[in-house]
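Undergrad: This is the structure I want to talk about, given as structure tokens.
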Amino acid sequence: GRNGRAFLFSHAMNVTVGPKEDRQLITGLHTVADVYCSNCQQVLGWKYERAYVETQKYKEGKFILEKFKVVTENW
């Protein structure tokens, strides 16, 4: 993730997906779309739409969600 630990998910609920854009990430060039909370509209992470590096193709269609945005500790 951009701001620390993040997790890769096959599915995400209660989110909206923004417009696609090419972004150079640590793992190479990807087409991604930011993912927003449907309730508060904060950016939670992004969705991988396309991976240009062959070894990164497994990420296509999956979501990266940043831990600190989706986990509340000590409820």
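Undergrad: Which value, in debye to the nearest 20, gives the size of the charge dipole of the chain about its Cα centre, when Lys and Arg are +1 and Asp and Glu are -1 at the Cβ?
TA: 100 debye
Undergrad: Specify whether the C-alpha gyration tensor of the chain places it in the rounded, prolate or oblate class, a ≥ b ≥ c being the square roots of the eigenvalues: rounded for a/c under 1.5, otherwise prolate if a/b is larger than b/c and oblate if not.
TA: Prolate.
Undergrad: Next question. From the backbone phi of the range 53-65, what are the Karplus-calculated ³J(HN,Hα) couplings (6.51 cos²θ - 1.76 cosθ + 1.60, θ = phi - 60°) in whole Hz, Gly and Pro given as x?
TA: 8, 3, 6, 9, 4, 4, 7, 4, x, 9, 10, 9, 10
Undergrad: For residue 6, enumerate residues with amide H under 5 Å from its amide H, sequence gap 5+ or separate chain, H modeled in the peptide plane.
TA: Placed amide hydrogens put 67 under 5 Å from residue 6.
Undergrad: What is the local net charge at residue 61, summed over the other residues whose Cβ is closer than 12 Å to its Cβ (Lys, Arg +1; Asp, Glu -1)?
TA: Once all neighbours under 12 Å are counted, the net charge is +3.
Undergrad: Kindly report the accessible area of the range 15-75 per residue (heavy atoms of protein chains, probe 1.4 Å, no ligands, DNA or RNA), in Å².
TA: About 64 Å² of surface per residue is accessible.
Undergrad: Something else now. Rounded to the nearest 0.05, what FRET efficiency is calculated for residue 67 and residue 31 with R0 set to 30 Å and r the Cβ-Cβ distance?
TA: Plugging the Cβ-Cβ distance into 1/(1 + (r/R0)^6) gives 0.80.
Undergrad: Something else now. Pulled fully out, how much extra length does the chain show between residue 5 and residue 24, if you take 0.36 nm times their separation in residues and subtract their Cα-Cα distance?
TA: Working it through step by step, the gained length comes to 5.0 nm.
Undergrad: Would you mind checking which residues have amide H under 5 Å from residue 25's amide H? H placed 1.01 Å from N; only 5 or more apart, or other chain.
TA: Counting only residues 5 or more places away or on other chains, the set is 30.
Undergrad: Taking amide H atoms as placed 1.01 Å from N in the peptide plane, list the residues 5 or more away in sequence, or in a different chain, whose amide H sits under 5 Å from that of residue 49.
TA: It is 31, 32, 33, 61, by chain and number.
Undergrad: Give the carbon-plus-sulfur fraction of the accessible surface of the chain in %, rounded to a whole number; probe 1.4 Å, heavy atoms of protein chains only.
TA: Heavy-atom surface of the chain belonging to carbon and sulfur, 1.4 Å probe: 51 percent.
Undergrad: Can you list the aspartates and glutamates whose alpha carbon is less than 19 Å from that of residue 57, not counting same-chain residues fewer than 8 positions off?
TA: 21, 22, 34, 49
The values are calculated or read from the model by the stated rules, or taken from the named source; none is laboratory data. Since the structure is predicted, the reported quantities are computational estimates derived from the model, not experimental observations. Here the Cβ is made from the backbone with ideal geometry for all residues, glycine too, and neighbour counts use every protein chain on show. Surface areas here come from the heavy atoms of the whole protein model, side chains and all, with no ligands, DNA or RNA. Shrake-Rupley method; radii C 1.70, N 1.55, O 1.52, S 1.80 Å.
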